[in-house]
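Heads up: the structure comes next, in structure tokens.
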Amino acid sequence: MESWLLFLTTVLFFLWLLSQVNLYIDLHFCRRKDDDFLEVTVYALRKLLIYTMKIPVIEIIQYNDLPWVTSEIQTSHAKTETHAEREQRFVKKLAKIFIYNPRRFLRLLKSTRHFFRTYRHYTNRLTQAMHCDRLEIKVVYGFEDAAVTGVLMGILGSMLGLLLQSLQNRLIMDSEPAVRVKPVYGCNYLEVEVRCIFRIRLGNVITASMARVANSLHKEATRSG
């Protein structure tokens, strides 16, 4: 009896420790002439567990006489490319369903909307407990026309203000965002760099996932009954 109680106590203590582990999501977006990429790094336990995915330059190519977006995705263990032929085949098949079988297309659309609605509820539950440890936004832009550059300065300022307000309403901001907008007059130029680090406890992820699974099982049981 005492051995079972000790085992149960140990398991509960381990689960509690696991729930207190912080999971970090590091997003880094860079757009400039010589460097264009999106990098996502997920790590925990002071980077003892780490996974990185990097999407370098996104190019528009001509494939089968159609303009198409292609890229090369790099992860911690492998490198892969997008397949334009497979993606075009999927789009053509979807277009045929839309033209020749609209009822099936509406069912697919309904299923897709249901999936995104479910995903939105799940992410909303996560963001309630998510912290933003670091947010840096740098924008350097310019046009040959100085008047256009000045007008865009006000537009960018308003858009960034709305973005920061939305983030503050959804997340817990642990540090003051660092935002820098620099106009360059007399030339066409664009440079954007965004660095953001999110932090959430693994226990919150497990709780949100369990709540989602329980909700799905309840809906299935209600539908079957």
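The values are calculated or read from the model by the stated rules, or taken from the named source; none is laboratory data. These numbers come from a predicted model, not from an experiment. Reconstructed Cβ throughout: ideal geometry from the backbone, glycine too, with neighbour counts over all protein chains shown. These accessible areas exclude ligands, DNA and RNA; they are computed on the full protein's heavy atoms, side chains included. Shrake-Rupley method; radii C 1.70, N 1.55, O 1.52, S 1.80 Å.
Summary of computed values
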item	result
In the stretch 195-225, the residues that are outside any helix (DSSP H, G or I) and modelled with pLDDT of 80 or more	Arg195, Cys196, Ile197, Phe198, Arg199, Ile200, Arg201
Residue among Glu72, Glu87, Glu59, Glu2 that is exposed (fewer than 10 other Cβ atoms within 10 Å of the Cβ) and at pLDDT below 75	Glu2
Thr112 closer than 27 Å to Lys93 by Cα and part of a helix (DSSP H, G or I)	yes
Meets criteria (within 30 Å of Arg201 (Cα to Cα) and open to solvent by less than 60 Å² (accessible area, probe 1.4 Å)) for Thr112	no
Residue ID - least open to solvent (accessible area, probe 1.4 Å), chosen from residues in the stretch 37-53 that are at pLDDT below 80 and closer than 17 Å to Arg195 by Cβ	Met53
Filtered residues of the stretch 122-169 (kept if surrounded by 15 or more Cβ atoms within 10 Å (Cβ to Cβ) and in a loop (DSSP other than H, G, I, E, B))	Ala129, Met130
Residues (β-branched (Val, Ile, Thr) and modelled with pLDDT of 75 or more) located in the stretch 5-21	Thr9, Thr10, Val21
Of all residues making up the stretch 179-192, the number that are open to solvent by 50 Å² or more (accessible area, probe 1.4 Å) and part of a strand (DSSP E or B)	6
